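Asks: Mind having a look at this structure? Questions to follow.
Each value in this text was obtained by applying a stated rule to the coordinates, not by laboratory testing. From a predicted model like this one, the values you see are computed outputs, not experimental measurements. A quick note on method: Cβ atoms are made from the backbone with ideal geometry, for glycine too, and the neighbour counts reach across all protein chains shown.
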Amino acid sequence: MNAAPMRGRAWPLLWPAFAGAAQALSIAWPGSGQALGWLQVLSLVLLAAGLAQMARQSAAGPFAGPSPVKRAAWVGGVFATAWLAGSFWWLYVSMHHVGGLPAPLAVLAVLALAGALALYYAAASAVWVGLARGWVAQRPGLASVLFAALWTLAELMRGRWFTGFPWGAGGYAHVDGVLVVWAPWLGVYGVGALAAWLAMRLALAGWRLRALKPWLGILLASWGLQAWGPTFTTSAGQGQVQLLQANISQTDKFQSDRGVRDALQWYDEQLRASRQPLVVAPETAIPLLPQHLPEGYWSGLQQHFAQPGRPMALVGAPLGSLSEGYANSVVAIGPEGLAPYRYDKSHLVPFGEFMPPGFVGFIRMMNIPLGEFKSGGWRQPSLAWQGQRLAPNVCYEDLFGEELAMRFTDPATAPTALVNVSNIAWFGDTLAVDQHLSISRLRAIELGRPMLRATNTGATAIIDHTGKVTEQLPRFTRGSLTGNFEGRNGLTPFAWWAGAWGLGPLWAVCLVVVAWAAWKRRTL
């Protein structure tokens, strides 16, 4: 058998998969957890170069010519499947190691999710090749803008449609890169759009130095903006916080003789012993409903913190009843006279906190305690405490910067600090911990606010309003982190426009670019 034809058929699968895997690695490099913006752009350059070649081939025939357009869809889909599966492969841990789903089915589930989400990018790649034929040489600038618009639309669709799953968006790879300077202006999707534009511009430039001028221009503009450093926010004063981390494995967490017992004992001891003005316990730190706790446990905590001179505690716990519904909540326990405060998680996790229709049989195959939670309101008020306005969010919610921005519509009541309570123990000792830390850091940059992270296993950290981790507790250890944070007033441009219109402006700009390109194609 001749091996050459087999290699020829395999190569169209291998190179986009290789490029997609590189993009996954750019989000968090194994070992260090470092985000690598240059690698994210390079991975897109490889994809863009392949698509550009297909666009050149498409220019030789009519738009309806099936081969280059279909190949582009295939290549874009393979790239995105490898990227997304490589970004959230740790879902396998929650399904197999925690949930007991057979390993082959868990692998298949991860690949199926990645493949389904990859359809957005497959469509973006196919449309770009169909519209950009003839432009790759004559109008590389237009072709690059069109690619950025289509790629961003795919990111927006993945991040918003069907409840949204934006984990691993390309913009997060730039949290430590030069392009992050645009995050307070454009948000993570805008940063990703700039990276996509740079990638296609570089791919179309080849070795022609003159064609690199726009590419170098955006880099110089980024460096200039970084050097200028406009200040959108002002200090709202210093605060002190203690963040708790019990390090209870997910397999033990809901076992009454292990995880539940340890959580109730350890958090009770730590909360009562705290001498900081603010103490925060992570998501479901108290793993039982108050009415199911040992007699006197909840009321004892309330009485303790009601005494004069005690700190204020933010504690993650399930709340509610069968009649009123259940919520994944953060509740404030504080001195007498403190107005009752409760935050209910708004953006729920499909399969984890509510059951999408048609998946009951699949969920029953796993031994995971799942709840049918109700969603809280989108504009829940902040908690006023010692001159700060604290805005809780629960775990996965900090992926959605546009939703957090809804609390910034009124600068007078906008949060001065964000508080994230999380439990990433579902995914074990994996890159999910590093990826989630980068997500929180980018939220801090977008919104110009410190982020206080109290987690079950890590990364428990204090992040300042520039996205810098100022304090961090060792992961997968039991302990507490005490430190200072500086609250901030004022609005970043992203907080202003996303708070008012969500991601609508990005959708509108991208759709206008695509519509104009389609019209231009018809008139040529």
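Asks: Let me have the relative contact order for segment 387-445, percent, based on Cα pairs under 8 Å that are six or more residues apart.
Replies: About 44 percent, as a whole number.
Asks: Using C-alpha positions alone, give me the convex hull volume of segment 124-194 per residue in cubic angstrom.
Replies: On the way: hull volume 6.6 nm³, N = 71.
Dividing the Cα hull volume of segment 124-194 by its residues yields 93 Å³.
Asks: With +1 on each Lys and Arg Cβ and -1 on each Asp and Glu Cβ, how big is the dipole of the chain about its Cα centre, in debye rounded to the nearest 20?
Replies: 2200 debye
Asks: Have a look at Gly320, Pro214, Leu105 and report the one farthest towards the positive end of the charge dipole of the chain, computed about the Cα centre with Cβ charges (Lys/Arg +1, Asp/Glu -1).
Replies: It is Pro214.
Asks: Here's a follow-up. Find which of Ala28, Ala199, Leu399 sits farthest along the positive direction of the dipole of the chain, computed with +1 on the beta-carbon of Lys and Arg, -1 on that of Asp and Glu, about the Cα centre.
Replies: Toward the positive end, the furthest listed residue is Ala199.
Asks: Do you know the relative contact order of the chain, to the nearest whole percent, from alpha carbon pairs under 8 angstrom that are 6+ apart?
Replies: It comes to 16 percent, rounded to a whole number.
Asks: Return an integer: the convex hull volume of the alpha-carbon atoms of segment 226-290, in Å³ per residue. Show your work: numbers first, answer last.
Replies: Numbers: hull volume 10.1 nm³, N = 65.
Once divided by residue count, the hull of segment 226-290 is 155 Å³.
Asks: Determine the dipole magnitude for segment 390-524: charges of +1 sit on the beta-carbon of Lys and Arg, -1 on that of Asp and Glu, nothing else is charged, the reference point is the Cα centre, and the result goes in debye to the nearest 20. Numbers along the way, then the final one.
Replies: Numbers: 12 positive and 11 negative charges, 89 e Å.
With only Lys, Arg, Asp and Glu charged at Cβ, the dipole is about 420 debye.
Asks: Can you work out the FRET efficiency for the pair Ser323 and Thr470, with r the C-beta to C-beta distance and R0 = 35 Å, to the nearest 0.05?
Replies: The calculated FRET efficiency here is 0.20.
Asks: Show me the three semi-axes of the equivalent ellipsoid for the chain, from the C-alpha gyration tensor (sqrt of 5 times each eigenvalue), largest first, rounded to whole Å.
Replies: Ellipsoid half-lengths, sorted descending, are 44, 27, 19 Å.
Asks: Order these peptides, 105-116, 81-92, by their mean beta-carbon neighbour count within 10 angstrom, highest first.
Replies: Going by the mean number of other Cβ atoms within 10 Å, highest first, we get 81-92, 105-116.
Asks: How would Trp519, Trp182, Trp167 line up from fewest to most surrounding beta-carbon atoms within 10 angstrom?
Replies: Exposure proxy ranking, most exposed first: Trp519, Trp167, Trp182.
Asks: Let me ask something else. How much mean residue ellipticity at 222 nm does the chain get from its helices, if each DSSP H run of length 4 or more adds -39500 (n - 2.57) and you divide by all residues, to the nearest 500 deg cm²/dmol?
Replies: Rounded to the nearest 500, it is -15500 deg cm²/dmol.
Asks: Treating the beta-carbon of each Lys and Arg as +1 and of each Asp and Glu as -1, no other charges, what is the dipole magnitude of segment 235-491 about its Cα centre, to the nearest 20 debye? Don't jump to the answer; show the numbers that get you there.
Replies: Details: 21 positive and 23 negative charges, 60 e Å.
About 280 debye.
Asks: Here is a further query. If you average the sequence gap of Cα pairs under 8 Å that are 6 or more apart and divide by the length of segment 378-482, what percent do you get for the contact order? Display every interim value, and only then the final one.
Replies: Details: 191 pairs, mean separation 21.8, N = 105.
For segment 378-482, the relative contact order is 21 percent.
Asks: A further question on this structure: I want the antiparallel fraction of DSSP beta bridges within the chain, as a percent rounded to 5.
Replies: Numbers: 31 of 50 bridges.
Taking every DSSP beta bridge with both residues in the chain, the antiparallel ones total about 60 percent.
Asks: While we're looking at this one, here's another question. Once you place label points 7 Å from the Cα toward the Cβ at Thr251 and Trp185, how far apart are they in nm?
Replies: Between Thr251 and Trp185, the label points sit 5.0 nm apart.
Asks: Another one. Specify the inter-centroid distance of segment 66-119 and segment 389-420, based on alpha-carbon positions, in whole Å.
Replies: The distance from the Cα centre of segment 66-119 to that of segment 389-420 comes to 31 Å.
Asks: Calculate the all-directions average of the projected area of segment 23-133's alpha-carbon convex hull, and give it in nm².
Replies: Spelled out: convex hull of the Cα atoms, projected over all directions, averaged, 7.7 nm².
Asks: Quick test of the membrane-span-like rule: which DSSP H helices of the chain reach at least 27 Å along their long axis (C-alpha atoms) with mean Kyte hydropathy at least 1.6? Can you show the working numbers first?
Replies: On the way: long enough: 3-27 (36 Å, 0.57); 37-58 (31 Å, 1.00); 66-87 (31 Å, 0.51); 103-132 (43 Å, 1.94); 140-160 (30 Å, 0.85); 183-205 (29 Å, 1.37); 504-523 (28 Å, 0.79).
Span-like helices here: 103-132.
Asks: In whole Å, what are the Cα extents of segment 235-491 along the three principal axes, biggest one first?
Replies: Each principal axis gives a Cα extent; for segment 235-491 these are 51, 39, 37 Å.
Asks: Amide H neighbours of Ile424 under 5 Å, at least 5 residues apart or on other chains, H built in the peptide plane: list them.
Replies: Excluding prolines and chain starts, which carry no amide H, the hits are Asn456, Thr457, Gly458.
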